Amino acid sequence: MLDAPLRKVIDPPLSSMAGQLVRMGISANVVTVVGFLPGLGAAAAIALGELWVALALVLVNRLADGLDGAIARQTRTTDLGGYLDIVGDFIFYGAVPFGFAILAPEQNALAACFLLLSFIGTGSSFLAYAIVAEKRKISTDIRGKKSFYYLGGLTEGTETIGFFILCCLFAEQFALFAWIFGAACWLTTATRVLAAIRTFET
C-alpha cells in the first residue's frame with residue numbers, strides 16, 4: 001500500500017548512491033547477494049536476543065534491497081537479478097519470524113507459525129499473479145521498473161519492514177503484532193485473488 005508513494009521519497013537518494021556504486025563497477029547482483037547476508041544475520045541476532053543488532057541488520061538488508069534495483073535501472077535489469085532479489089526477500093521475510101520463535105518459543109512460536117502461513121498466502125498470490133501477467137503481457141511501472149509484475153496490496157514491502165522494525169523495538173509484543181499483521185496479510189491475499197479473478201477470468 002505504501003510502496004508506490006514511498007518510491008517518490010527514496011528513489012532520488014538511492015539513485016545517487018547507486019550511481020556511485022556503478023562507477024565503482026559494483027553490479028546489482030553483487031549487492032543483492034551481499035545484502036542478503038545481513039538479513040540472515042538479523043534473524044540470528046533476534047534468536048540470540050540482540051534486538052538492536054537485529055534492527056541495524058534489518059535496515060542494512062533493506063538498504064541493499066533498494067540499491068540493487070537502483071543499480072539495475074542505471075545499468076540493465078536481468079531475469080537473474082529479479083530471481084535473486086525475490087528469493088532473497090522471501091527467505092529474509094521467513095527468517096525474521098523464525099528468529100522470534102527461537103527467542104521465546106512458548107510465547108512466540110504459534111504466532112510465528114501463523115505469520116509464516118500468512119506470508120505464504122501473500123507470496124503465492126503475488127508470484128502467481130506475476131506469472132500469469134507475464135503470460136498475458138500485462139505490465140506496470142507504478143513501483144518502478146521491475147523484472148516482473150508487482151501487484152500491490154495492504155501489506156507490501158514497506159509495511160512488512162515497518163512491522164519488523166516494530167517487533168525489534170518491542171520484542172515482548174511480537175506475538176500480538178504477528179497475529180495482527182498476519183490477519184492483514186490475509187486481507188492482502190484476498191484482494192489479490194479478487195484482482196486475479198477480475199483480470200484473468202476471460
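Taken together, the values in this text are just the output of simple stated rules run on the coordinates, not laboratory data. Remember, predicted model here, so these are calculated numbers, not experimental data. Using ideal geometry, Cβ is built from the backbone for each residue, glycine included, and neighbour counts are taken over all protein chains shown.
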Taking Cα pairs under 8 Å and at least six residues apart, what relative contact order does region 3-200 come out at, in percent? 24 percent
Final fewest-first order of Ile197, Ile46, Ile71 on the 10 Å Cβ neighbour count is Ile197, Ile71, Ile46
When Lys and Arg each count +1 and Asp and Glu each count -1, what net charge do the other residues less than 14 Å away from Ala178, Cβ to Cβ, add up to? -2
Debye, to nearest 20: dipole size of region 3-200, +1 on Lys, Arg Cβ, -1 on Asp, Glu Cβ: 840 debye
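Near Arg192, within a Cβ-to-Cβ distance under 13 Å, what is the net charge of the other residues, with Lys and Arg +1 and Asp and Glu -1?
Details: positive: Arg198; negative: Glu156.
Charge balance near Arg192 sits at 0.
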Per-residue ellipticity at 222 nm attributable to helices in the chain (runs of n ≥ 4 DSSP H, -39500 (n - 2.57) apiece, nearest 500 deg cm²/dmol) works out to -28000 deg cm²/dmol
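Determine the shape class of region 57-103: with a ≥ b ≥ c the square roots of the Cα gyration tensor eigenvalues, call it rounded for a/c under 1.5, and otherwise prolate if a/b is greater than b/c, oblate otherwise.
Working: a/c = 6.34, a/b = 2.11, b/c = 3.00.
Since a/c reaches 1.5 but b/c is at least a/b, the shape of region 57-103 is classed as oblate.
Got a sec? How would Phe177, Phe92 order by Cβ neighbour count within 10 Å, fewest to most?
Lowest count first: Phe177, Phe92.
Just to confirm a number: summing +1 for Lys and Arg and -1 for Asp and Glu over residues other than Thr32 whose beta-carbon lies under 9 angstrom from that of Thr32, what do you get? Present the calculation step by step, with values, prior to reporting the outcome.
Working: positive: none; negative: Asp65, Asp68, Asp85.
For residues surrounding Thr32, the net value is -3.
Taking neighbour counts of Cβ atoms within 10 Å as a proxy for exposure, in what order, fewest first, do Met24, Met17 appear?
On the way: Met24 7, Met17 15.
Ascending Cβ contact count within 10 Å gives the list Met24, Met17.
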